[in-house]
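Worksheet: one structure, shown below.
Values in this text are rule-based calculations from the coordinates and carry no lab data. None of these values were measured; they are calculated from a predicted model. Note: ideal-geometry Cβ built from the backbone for every residue, glycine included; neighbour counts use all protein chains shown.
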Amino acid sequence: MPSLSESGLLQCLNSGRLLFCAMVLTHPGGSRSAHSFQTLTLKTHSLMPQYPAIILASRNSKKAGEISELLHPHGIHVQSVADFPDAAEVVEDGSTFAENAAKKASETALAISHWTIGEDSGLMIDALNGAPGIYSARFSGEDATDELNNAKMIQELKNVPLEKRTAAYICNVAISNPQGKIRLQVEATCRGRMTEAPRGRNGFGYDPYFEIIELHKTFGELAPIVKQHLSHRARAFERFIPQLVDLFQREYASHD
């Protein structure tokens, strides 16, 4: 019986072909299994629904990459608004993550006439009364960088003991149709605590300091495939994707 390596299984999981991997594993035909897998793979591509591309209202390349990887297995292609140089930057003046996500989705969709995802996320630290919150990306000022934001966060927590450095990452996701109407919106949370020193090189923003207590690892230490299942963004999209696929199936059923 043919075997499947861990890397091969992860490839199948990431490409949405787990059913066909299982068929390869149980195929009794020995060397014929590889040919069967290739044939079945080709069929999955031909049968995959043709949905319109979705634009992400963010110029953050790392965020765009994470979201693209989450939606790719479902046949949904994601582009960054950075590919549309004439699209203006949306002013994030909402008082909540939900308001900012909806505004980014709606205004960008109207500007470029595409389905658009607006995503607003941030860190809320209990000892700082929820700061930086909706200001997470610009916590250290208008010229903020990840390094400056983290330095300010550590400075404000310098006298706070580890057990009181609890925090939560929040992610709100909204999608607008090309006419600027919000059709779907969800929010999710991932709780943890802030470490005193950075650990790990993965992720971005506050990730090297945000520890999942149960795992004793920061987002910066987690492999990307693990973060895709545990993060606030992953949890939000876990709720968002089935509803999005259902929305597109209904929206484009008559186009098939």
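Tabulated data
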| read-out | value |
| --- | --- |
| Computed lengthening from Lys181 to Ser68, 0.36 nm per intervening residue step minus Cα-Cα distance | 38.5 nm |
| Pairwise centroid distance, computed over Cα atoms, of the range 80-134 with the range 225-246, Å | 18 |
| Contour minus Cα-Cα distance for Glu238 and Ile154 (0.36 nm per residue) | 27.1 nm |
| Cα gyration tensor category, rounded, prolate or oblate, for the range 49-255 with a/c compared to 1.5 | prolate |
| Distance violations [Cα-Cα > 28 Å] among Lys62/Lys217; Lys103/Lys158; Lys103/Lys217 | Lys103/Lys158; Lys103/Lys217 |
| Gain upon complete extension [Thr145, Asn60; 0.36 nm per residue less C-alpha separation] | 29.4 nm |
| Label-to-label distance, nm, for residues given as Arg201 and Arg138 (7 Å Cα→Cβ offset) | 3.2 |
